[in-house]
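Please read the structure below before turning to the comments.
The values are calculated or read from the model by the stated rules, or taken from the named source; none is laboratory data. Bear in mind the structure is a predicted one, so any value in this text is a computation, not a measurement. Glycine gets a Cβ as well: all are built from the backbone with ideal geometry, and neighbour counts include every protein chain shown. These accessible areas exclude ligands, DNA and RNA; they are computed on the full protein's heavy atoms, side chains included. Shrake-Rupley method; radii C 1.70, N 1.55, O 1.52, S 1.80 Å.
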Amino acid sequence: MSEEYKLHWVEGEEKLSAIAQKYNISIEELKKANPEMRTFYSGFFGGAEYASAMQKIRIPVVEEIVIKPTVPTMPSYHFEPLARYRCEQLNISRIKQEIITFSAHINTEYLFSADKEDKKILQILLEDYQLSVEPIHFKGAFEFAKKIEELKKKISFSQNNKGEIREILNLGELRQEWDNFKNKVLPTDALYQSLKEQTPKQAQDVIDTGNKEFSSSQLLGSTLGKNLFFHILLRANVGDELKDYTLKQFSQLFPNLELTIPVVKSKVKEDNFTTTYRLVGTLDRTHILEEELEKMYNEWYKPLIKYSYTEFSYVYRITYTIENKNNHLLEAKAALCEKIKNNFEAMTEFTIKQVEL
C-alpha cells in the first residue's frame, strides 16, 4: 500500500464498515489512516461504529495491478421452454388499517426453460413488465427500478437444494449490460441526473450498489432471491427436498433493523399428480429492542398517526403447488406484512399462475 490518500467527506453519520467496503479497505486500515477521526457507537441493533458527520477522512490508496476486463463466454446451451408464468404483485402501505398512503401494482410475465441436455441448467426470461403507482409522484422511482430489472431480463443459472441460485452462467453478459447502462444510459437519464443534483450521495449509491450486485454470482443471486418470482420458483424446483430455512432481511419500517425469520415448511395436500406446500415464517424477536423501536416510532410515525406505539410484527406466508412428475410450479400465493399493530403496515400480495406456452 502506498502513502497516498484521497479524501472522503462524511456528510451524515456513516458506518465505518460501509466506508471501508466502498473503498475496498479494512476498518483497521481506515482507522490507522485517521487517528483523529471522530467516531461513536450506535446503541441500535448491535452497536455498530459510525464516523461522525461533517468531517473529512483520509482513504489509503491501494496500489493495484490493472487488468483489462474480459467478458467470460458462456458455454453453448440449448434451452427448451418448460412453462410460462404470469405474476401479479400488489404493494400497499396503510395507516390505521384504513387510509392507504401508497400502492403499486406490478404485472410480470416470465418464460422458464431448461437446457435440452442438462435439465439442471435453467433460464428465466422476463417477457413483460407493467406497473401502476399511486401517488403518481412515486412512479418515476419505480420506472427507474424497472430499467434496472430489465438489465436482468435473461438469467441462465444453476441452483442448489436450498432453493437458491448457485451460479449465474451468463454473469459476464449481465455485467456488460450494467456497464453499458451505467456509462451510456445514466448520464442521459432525467431522474438519475435530478437525483445527482439534489442528493449526490444517493446517486453514487446507485452506482456502488450496481457495481457490487453485478460483481459475482453470489451477490446477484442474493438480489434475485428477493424477487418473489425467483424466491418461490427456486424453492418449488427443489420439491420435497426443501427443508426449513431462515430468512434475513432489513425492515421497511425501521432502517438498519435486520429481521431474522425462521421459516417452517409443511405439506398441505397431495394427490397422484400435484402437491401443495406452505411456508410460514415467524419473526425471531431475540434481538428486537422494543424501546428503541418505540423511540423511532415516536419520532417518525406518531406525529402523523397520533396514536402511541403498540407492537412490531412481521408475517411471511407462501402457499405453492407443484406437479409431482417434474417439480414444476403450477401456482402460488404469497402474503408478506410488516406492521406496527393497528397503526401502520406495509403489505405485499403476490400470485403466480402458469399459463399456456
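Pairs meeting the criteria (first residue in the stretch 199-218 and farther than 19 Å from LYS152 by Cα, second residue open to solvent by less than 80 Å² (accessible area, probe 1.4 Å) and of a type in the set (A, V, I, L, M, F, W, C), beta carbons under 7 Å, at least 6 apart or on different chains) are GLN202/LEU195; ALA203/LEU195. LEU304 passes every criterion in (1) open to solvent by less than 50 Å² (accessible area, probe 1.4 Å); (2) hydrophobic (A, V, I, L, M, F, W, C); (3) not in a strand (DSSP E or B) apart from (1).
Look at (1) charged (D, E, K, R); (2) part of a helix (DSSP H, G or I); (3) within 19 Å of LEU228 (Cβ to Cβ) and you find that LYS184 fails only one, number (3). Evaluate the following for LYS162: is it more than 19 Å from ASP115 (Cα to Cα) and not aromatic (Phe, Trp, Tyr)? Against the criterion (more than 19 Å from ASP115 (Cα to Cα) and not aromatic (Phe, Trp, Tyr)), LYS162 qualifies. Cβ-Cβ contacts under 6 Å between residues 6 or more apart (or on different chains), taken from a first residue in the stretch 19-39 that is under 11 Å from PRO60 (Cα atoms) and part of a loop (DSSP other than H, G, I, E, B) to a second residue that is charged (D, E, K, R) and modelled with pLDDT under 85, are absent.
Among the residues making up the stretch 319-332, those that are part of a strand (DSSP E or B), in contact with a Lys or Arg (Cβ under 9 Å, 6 or more places away or on another chain) and open to solvent by 30 Å² or more (accessible area, probe 1.4 Å) are THR319, LEU330, GLU331.
Candidates in the stretch 126-182 are the residues that are in contact (Cβ under 8 Å) with a residue 24 or more places away in the chain and among the basic types (Lys, Arg); of these, the one that is nearest to SER103 (Cα to Cα) is LYS147.
Summed over the stretch 245-265, the residues that are closer than 15 Å to TYR320 by Cα and either open to solvent by 20 Å² or more (accessible area, probe 1.4 Å) or among the polar types (S, T, N, Q) (or both) give a count of 2. Among the residues making up the stretch 112-128, a single one is in contact with a Ser or Thr (Cβ under 8 Å, 6 or more places away or on another chain), surrounded by fewer than 17 Cβ atoms within 10 Å (Cβ to Cβ) and not in a strand (DSSP E or B): LYS120. When the residues of the stretch 86-107 are filtered to those that are in a strand (DSSP E or B) and in contact with a helix residue (DSSP H, G or I) (Cβ under 7 Å, 6 or more places away or on another chain), which remaining residue is farthest from GLN130 (Cα to Cα)? Once the filter is applied, the top-ranked residue is ILE95. Scoring TYR77 on the criteria (1) assigned to a loop (DSSP other than H, G, I, E, B); (2) modelled with pLDDT of 95 or more leaves a single failure, condition (2).
Could you go through the stretch 250-271 and let me know if any residue there is more than 21 Å from the chain's Cα centre (by Cα) and among the polar types (S, T, N, Q). Checked the stretch 250-271: at least one residue is more than 21 Å from the chain's Cα centre (by Cα) and among the polar types (S, T, N, Q).
Annotation: of all residues in the stretch 311-335 being in contact (Cβ under 8 Å) with a residue 40 or more places away in the chain and under 22 Å from the mean Cα position of the chain (by Cα), the one that is nearest to LEU247 (Cα to Cα) is TYR316.
Of the listed requirements (1) part of a helix (DSSP H, G or I); (2) open to solvent by less than 20 Å² (accessible area, probe 1.4 Å), TYR316 misses just one: (1).
With respect to the conditions (1) open to solvent by 60 Å² or more (accessible area, probe 1.4 Å); (2) under 14 Å from the mean Cα position of the chain (by Cα); (3) not charged (D, E, K, R), THR223 falls short on a single one, namely (1). The residues of the stretch 278-290 that are over 15 Å from SER251 (Cα atoms) and open to solvent by less than 10 Å² (accessible area, probe 1.4 Å) amount to a single one, LEU279.
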